[in-house]
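> Attaching a single structure in structure tokens format; questions to follow.
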Amino acid sequence: MQQKIIALIAIAGCVTAANENVFAADQDYANTTLTGDWNGARQRLYDQGIDIGVDYLGEFAHNSSGGIRQTDAYADQIHIHAAFDFQKLWGWTGSSLHIDLNDRNGSQIDAKAHLGTLLESQEIYGGGNITRITRFYLQQSLWNDLVDLKFGRMDIGGDFFPFACDFQNLNFCGALPGWISKGVEAWPLAQTGGVIAINPSPAWTIKFGGFEVNPNNAATSQGLKLSPSGPSIGTLMLAELDWRTHLGGAQNGLPGIWRFGGWRNTARYQDVFLSVDGAQQLLGSDSAALQSSVSGSYFMGQQQLTRQAAGGGLSVFGNVVQADPHTDLVDQMISVGLLYDGPFAARPNDRLGFAIGRDRVSSRVANAEHLVTQAGLGPVPVQGYEYITELNYQFQLGHGLALMPNVQYIRHPGGTSASHDATVWGLRAVAKF
């Protein structure tokens with residue numbers, strides 16, 4: 001582990017040319033990071049067009065009920081990001097380069113305890129215990145930011161369904177379509193492609209994306225490679241419409257964001273009906289095995305409702321993802337919740353979070369499980385709905401350091417009453433250096 005950290009920091013020193021998305025007019029390193037402004041050196045680098053940073057995120061989990069045994073798990077991620085503003089560096093107006101490296105380690109409570117959940121109780125686990133390039137792309141803004149172009153390696157969630165990650169359960173975190181639909185790669189995985197965003201006004205954005213679909217994107221051998229091995233098996237196309245609101249007025253109103261989008265993947269995948277043990281035997285070998293494409297749609301909304309004197313307040317959100325019932329095991333995700341920033345006057349930087357979600361297993365899977373059991377090839381538990389609830393409270397302990405204890409309750413893990421309901425206690429640690 002120590003060798004990995006040293007290697008990552010060395011890589012960061014070699015790629016101090018890129019970072020996140022957009023360069024702001026200024027950065028407040030002193031109040032947002034543990035290492036501060038490096039005696040002014042960090043701000044000078046930023047003014048010259050170089051922004052670098054290292055984040056650490058760790059998630060502990062313990063199941064007090066559910067699964068086959070009570071146990072603990074811990075997973076973490078070291079994230080190195082850098083960005084070069086080519087306008088500041090070389091006068092190339094509106095252009096920048098962005099690089100993100102992620103190193104993931106640890107274990108998963110769902111697997112260790114055999115909870116049988118559809119999605120993970122530790123969102124930070126996934127993608128393999130390796131170091132990956134998640135982002136390596138060029139960005140070009142044109143005509144006073146009317147049009148924004150990106151091309152290279154990137155995760156889908158950077159542009160499409162970029163939902164915040166304020167919870168420990170994966171149902172309430174990040175690019176939700178990427179967790180359930182085939183060929184849609186979300187953080188820390190990357191795909192090769194491009195995005196065009198059109199901003200006709202400050203309130204509206206229209207986005208279109210096209211990406212190569214390659215099963216080797218998820219391979220642990222991909223690691224620090226800029227391009228995956230093997231041929232492409234299809235093209236992923238996405239579109240999204242964003243609408244930004246300000247309740248009470250455009251200047252000081254309460255902000256909100258509403259997103260509508262969809263995707264189509266031209267790659268061919270096996271029908272989920274045939275993924276059920278015994279279904280192939282039941283239907284015979286002459287049955288069609290592949291679907292010609294995968295498609296889906298989504299809606300996401302988040303709106304601040306109140307504002308306190310210190311700037312915090314209550315926000316509500318809702319997400320709906322409709323995946324493809326022919327190819328995706330989970331074909332629908334629905335979640336609603338609230339976030340309360342600064343719930344106590346004495347703790348203006350803390351945050352309270354609560355969310356409820358429901359995952360639905362494709363009815364084609366349920367039908368196959370019914371038929372397999374009726375044919376005497378079972379019994380097979382019939383899957384339907386899984387319900388997830390999470391309550392958390394994030395303590396801001398200082399500049400760039402936070403702890404978030406949380407508790408999750410999962411009813412019908414795997415979408416079946418045959419699995420015991422699970423209670424998972426968690427602790428999330430976030431450090432920004």
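> Probe 1.4 Å, all protein chains in place: accessible area of Glu123 in Å², nearest 10?
Spelled out: Glu123, probe radius 1.4 Å, area about 20 Å².
> OK, next. Considering only protein heavy atoms, with the full assembly of protein chains and a 1.4 angstrom probe, order Trp258, Trp243 by accessible area, largest first.
Trp243, Trp258
> Name the residue, out of Asp51, Asp85, Asp145, whose mean-square fluctuation peaks in a Gaussian network model built on the chain with Cα pairs under 10 Å.
Comparing Asp51, Asp85, Asp145 in the GNM, the peak value goes to Asp145.
> In a Gaussian network model over the chain where Cα atoms closer than 10 Å are linked, find which of Val54, Val407, Val276 has the largest mean-square fluctuation.
So, out of Val54, Val407, Val276, the one fluctuating most is Val276.
> Accessible area per residue of segment 154-243 at 1.4 Å probe, in Å²?
34
> Moving on. Build a GNM of the chain with springs between Cα atoms under 10 Å: which of Ile257, Ile334, Ile99 gets the top mean-square fluctuation?
Highest fluctuation among the options: Ile257.
> Once every DSSP H run of n ≥ 4 in the chain is given -39500 (n - 2.57) and the sum is divided by its residues, what mean residue ellipticity at 222 nm do you get, rounded to the nearest 500 deg cm²/dmol?
-3000 deg cm²/dmol
> Further, regarding this structure: Run down the lysines and flag those whose C-alpha is under 21 Å from the C-alpha of Lys225, throwing out any fewer than 8 positions away in its chain.
List returned: Lys4, Lys150.
> Okay, moving on. Which label marks the calculated value of Rg and Dmax of the Cα atoms in Å, given the options [x] 20.7, 64; [y] 22.3, 73; [z] 23.4, 97?
Derived directly from the coordinates: [y].
> Let me ask something additional. What's the center-to-center distance, using Cα atoms, between segment 78-151 and segment 207-286 in Å?
With segment 78-151 and segment 207-286 each reduced to a Cα centre, they are spaced 16 Å.
> In the full protein assembly as shown, how much of Lys88 is accessible to a 1.4 Å probe, in Å² to the nearest 10?
Near enough 80 Å² of accessible area.
> In degrees, nearest 10, range 0 to 90: what is the angle between the Cα axis of helix 2-14 and the longest Cα principal axis of the chain?
Approximately 50 degrees, to the nearest 10.
> Ignoring ligands, DNA and RNA, what percent of the 1.4 Å accessible area of the chain is carbon and sulfur?
Answer for the chain is 60 percent, counting heavy atoms of protein chains only.
The values are calculated or read from the model by the stated rules, or taken from the named source; none is laboratory data. The model shown is predicted, which means the values in this text are computed figures rather than measured ones. Ligands, DNA and RNA are stripped out before the accessible areas are found, and what is left, the full protein with its side chains, is counted by its heavy atoms. Shrake-Rupley method; radii C 1.70, N 1.55, O 1.52, S 1.80 Å.
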